[in-house]
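Before any comments, here is the structure.
The values are calculated or read from the model by the stated rules, or taken from the named source; none is laboratory data. Note that the structure is a prediction, hence the values are computed from the model and not measured. Note: ideal-geometry Cβ built from the backbone for every residue, glycine included; neighbour counts use all protein chains shown.
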Amino acid sequence: MAREPRAKKRLLTTSSRSAQIAKILAQYPALYNDVTIDGAVEESTGDGDLPEGIYSVITYTYTYGTERDWSVAGAELDEQIPRLDGACTRSIFPTMHTNGVEDPIAAVFEYGDVTADAQWTYTCAE
């Protein structure tokens, strides 16, 4: 998915992003080395998780503080997909709409560790 340099709407303010990151790191103090939240307008060619089109996308990137066995971690994260879908429909997407972000919208969750970026990714879209 290519990132569009011109976002028509601000997907996240710096203060809301900082507050969300602080909350996540406080909730899981020893688990993550880093968490980033980024918003952008992205174009999908349709060959990935999203159909072809231009999307307003929030990307949550979690970096575990220690090296993971991704065969185990991936299976554990697969079990969290219903929770991630719920977060999208109950919180993330309604907040995006409240902030004036128009459809189509998506949230991407990326997990990596201190040795490798994005070993597991999940996307929910509306």
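Quick one: is VAL41 at pLDDT 90 or above and surrounded by 14 or more Cβ atoms within 10 Å (Cβ to Cβ)? For VAL41, the condition - at pLDDT 90 or above and surrounded by 14 or more Cβ atoms within 10 Å (Cβ to Cβ) - is not met.
Of all residues in the stretch 26-62, none satisfies the criterion of being on the phi > 0 side of the Ramachandran plot and polar (S, T, N, Q). Summed over the stretch 77-94, the residues that are closer than 16 Å to TYR28 by Cα and in a helix (DSSP H, G or I) give a count of 1. Contact map, the stretch 81-100: first residue at positive phi and free of Cβ contacts under 8 Å to residues at least 12 places away in the same chain, second residue assigned to a helix (DSSP H, G or I) and among the β-branched types (Val, Ile, Thr), Cβ cut-off under 6 Å, separation 6 or more or different chains; the map is empty. Against the conditions (1) of a type in the set (A, V, I, L, M); (2) within 18 Å of TYR28 (Cβ to Cβ); (3) surrounded by 12 or more Cβ atoms within 10 Å (Cβ to Cβ), where does VAL72 fall short? Just the number, please. Exception for VAL72: condition (3). Checked against (1) of a type outside the set (S, T, N, Q); (2) modelled with pLDDT of 95 or more; (3) touching a Ser or Thr at 6+ places or on another chain (Cβ under 7 Å), MET96 passes all but a single condition, namely (2).
Consider the stretch 95-126 and keep the residues that are assigned to a helix (DSSP H, G or I) and more than 15 Å from the chain's Cα centre (by Cα). The one that is surrounded by the most Cβ atoms within 10 Å (Cβ to Cβ) is HIS97.
Here the stretch 19-47 is the region considered, the condition is being within 18 Å of ASP113 (Cα to Cα), in contact (Cβ under 8 Å) with a residue 12 or more places away in the chain and in a loop (DSSP other than H, G, I, E, B), and the residue that is nearest to the chain's Cα centre (by Cα) is LEU31.
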